[in-house]
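Below: the structure, in structure tokens.
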Amino acid sequence: MTSYFKNIFLVAVFIIFSHGLPAYANNISVSNAGLGAQDTGGQTMEIQFDITWEHSWSDAINSDAAWVFVKYSTDGGVTWSHATLKRSGTNPSGFSGGSGTSVNLIVPTDKKGVFIQRSAAGNGTLSATDVKFVWDYGADIGSDFSYLDAITAVIKVFAIEMVYVPLGSFYIGDGDGSSQSIGAFYQNVNTSVLIDNTLKQSIKCGSTNFDDAQLTTTGIGIKGDAGLDTNNDGTIDNLNFPTGYNAFYMMKYEISQGQYRNFLNTLTRLQQKAHVASNIANDSPEGNPPHIFVMTNTSAMRYRNGIVCPSSGNGTTDSVVFSCDLNGTGTYNEAADGEWIACGSLSWNDLSAYADWAALRPMTELEFEKACRGTDPSVNREYAWGSNDITGTISLSAGTGGTTSERSGQSGHGLCNYENNAIGGP
């Protein structure tokens, strides 16, 4: 793939593309979250909530999903920790909740969240009520749960839209035998490589500023179902590296401003200072009332980065409260305040911290190529959407900017916002 997009979208981790289709925000929402029955002997507590999102789908090959995880506080909401869930007791496959869509609940082995997906083929709005998780508080805080009662026990349930990428072979690199993109993978120069369940050795990539001599000169081995041969000696020595061959889940979209706001609002003050551009060490950050736009450190909204914090009354030690105010009215978290648009101005440290907070991880380059390309052979010098065409620049349909239905206003164009054309910002 063309290296410009390889590097850009590795920073915007977990992104996926829909080929030729308009992309609409799907309004994922968790509501009515609360604590339920407690088992003091088993040191568990039920957590119940309702969940809904639009444009959900499932077919015979794969499906979308929601990654749902829980944060808890034992000090009334001052500090937050990640909840460990039980695999037993969590609603089983085919659970339909109190009403609504029948869903499967899949608890991975680390028990740090649950994938929720349709239990039968279909599409449209998914809505499930009274979904039940079981919190293993004994694993998180020990057996003394007596100080956590209905007043001081605080939880927050978060959901991120995901998509399932099934097991299977795929190509890396985009060489056609005569040319390839800068930084593309290859076994033989200018030729793409099929990643499957056989060991492919001496895989290299064109030299960029981000690769070392092992990858550009000596090469590595990749066996899709086994891992990496990192020193290219014919033996797999990194069994756990995600090669992309096995199935995985990934985020449907870039981190939104609403999601990043939620992340910031569960951090300590010290942690918050490390993940915004504004200096929020003091009671009153630089900026004009009533707030400062913290991702660009300006008094006015810039480059569509609409996350704000108050410009006074923050104290110097307690966590700052962040909100979205893309339209700058001073009324926060409205429909037009940009909660659903991509969050810009994020560093690699910001993205990896968000992933860790959500019990996720950044995707590998191999997973990225599979997610973009699927099982199709590569297209020579292709961009992330599957062609080598970069026609047009992005514009927005009138009135959609910052709203849940934001989309490109150009039919067949607007493949990429590059060289600061048309829109400054995400």
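Within the set of pairs 6+ apart or on separate chains, which have a first residue in the stretch 32-46 that is within 16 Å of Y72 (Cβ to Cβ), a second that is basic (K, R), and C-beta atoms under 8 Å apart?
Every condition considered, the pairs that remain are A33/K156; G36/K132; T44/K86; E46/K132.
Give me a count of the residues in the stretch 49-73 that are among the hydrophobic types (A, V, I, L, M, F, W, C) and either open to solvent by 40 Å² or more (accessible area, probe 1.4 Å) or part of a loop (DSSP other than H, G, I, E, B) (or both). Steps first, answer last, please.
Our first condition is that a residue be among the hydrophobic types (A, V, I, L, M, F, W, C); within the stretch 49-73, this holds for 49, 51, 53, 57, 60-61, 65-70.
Restricting the remaining residues to those that are either open to solvent by 40 Å² or more (accessible area, probe 1.4 Å) or part of a loop (DSSP other than H, G, I, E, B) (or both) gives 57, 60-61.
Counting residues in the stretch 49-73 that are among the hydrophobic types (A, V, I, L, M, F, W, C) and either open to solvent by 40 Å² or more (accessible area, probe 1.4 Å) or part of a loop (DSSP other than H, G, I, E, B) (or both) gives 3.
Tally up the residues in the stretch 37-48 that are part of a strand (DSSP E or B) and either open to solvent by 30 Å² or more (accessible area, probe 1.4 Å) or touching a Pro at 6+ places or on another chain (Cβ under 7 Å) (or both), please. Steps first, answer last, please.
Within the stretch 37-48, the subset part of a strand (DSSP E or B) is 37-39, 44-48.
Cutting the leftovers down to either open to solvent by 30 Å² or more (accessible area, probe 1.4 Å) or touching a Pro at 6+ places or on another chain (Cβ under 7 Å) (or both) gives us 37-39, 46, 48.
Of the residues in that region, 5 qualify.
Residue-wise test of (1) within 27 Å of D356 (Cα to Cα); (2) assigned to a loop (DSSP other than H, G, I, E, B); (3) modelled with pLDDT under 95.
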| residue | (1), (2), (3) |
| --- | --- |
| F263 | yes, no, no |
| L267 | yes, yes, no |
| S278 | yes, yes, yes |
| S284 | no, yes, yes |
| G287 | no, yes, yes |
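Mind checking which residues of the stretch 322-354 are part of a loop (DSSP other than H, G, I, E, B) and touching a helix residue (DSSP H, G or I) at 6+ places or on another chain (Cβ under 9 Å)?
Passing the criteria: F322, L326, N333, D337, G338, E339, W340, I341, C343, G344, L346, S347.
Quick one: in the stretch 288-307, which of the residues that are touching a strand residue (DSSP E or B) at 6+ places or on another chain (Cβ under 8 Å) and hydroxyl-bearing (S, T, Y) is nearest to A277 (Cα to Cα)? Talk me through it step by step, then tell me what you get.
So in the stretch 288-307, the residues touching a strand residue (DSSP E or B) at 6+ places or on another chain (Cβ under 8 Å) come out as 290-296, 298-302, 305-307.
Narrowing the set further to residues that are hydroxyl-bearing (S, T, Y) leaves 296, 298-299.
Working: T296: 6, T298: 9, S299: 12 Å.
Looking at residues that are touching a strand residue (DSSP E or B) at 6+ places or on another chain (Cβ under 8 Å) and hydroxyl-bearing (S, T, Y), I get T296.
Of the residues L215, L239, which is in contact with a strand residue (DSSP E or B) (Cβ under 6 Å, 6 or more places away or on another chain) and touching a residue at least 12 places away in the same chain (Cβ under 8 Å)? Spell out the reasoning first.
On the way: L215 fails: touching a residue at least 12 places away in the same chain (Cβ under 8 Å).
Answer to the check: L239.
For the stretch 149-236, list the strands (runs of 3 or more DSSP E) that sit wholly inside it and hold at least 2 residues that are farther than 30 Å from P108 by Cβ and open to solvent by less than 40 Å² (accessible area, probe 1.4 Å); which are they? First the steps, then the outcome.
On the way: elements: 154-165, 170-176, 191-195, 200-205, 220-223, 227-229.
In the stretch 149-236, the matching strands (runs of 3 or more DSSP E) lie at 170-176.
Among the residues of the stretch 74-84, is there at least one that is under 24 Å from the mean Cα position of the chain (by Cα), assigned to a strand (DSSP E or B) and buried (at least 20 other Cβ atoms within 10 Å of the Cβ)?
No, that holds for no residue.
D233 - would you say it is within 26 Å of the chain's Cα centre (by Cα), among the charged types (D, E, K, R) and modelled with pLDDT of 95 or more? Even if it seems obvious, please write down each step before you answer.
Values: within 26 Å of the chain's Cα centre (by Cα): no; among the charged types (D, E, K, R): yes; modelled with pLDDT of 95 or more: yes.
Against the criterion (within 26 Å of the chain's Cα centre (by Cα), among the charged types (D, E, K, R) and modelled with pLDDT of 95 or more), D233 does not qualify.
Evaluate the following for A336: is it modelled with pLDDT under 90 and either surrounded by 20 or more Cβ atoms within 10 Å (Cβ to Cβ) or out of contact with any His (no Cβ under 6 Å at 6 or more places or on another chain) (or both)?
Criteria met by A336.
The values are calculated or read from the model by the stated rules, or taken from the named source; none is laboratory data. Everything numeric in this text was worked out from a predicted model, so none of it was measured. Neighbour counts run over all protein chains shown; Cβ positions are idealised from the backbone, glycine included. These area figures cover heavy atoms from the full protein model, side chains too; ligands, DNA and RNA do not enter into them. Shrake-Rupley method; radii C 1.70, N 1.55, O 1.52, S 1.80 Å.
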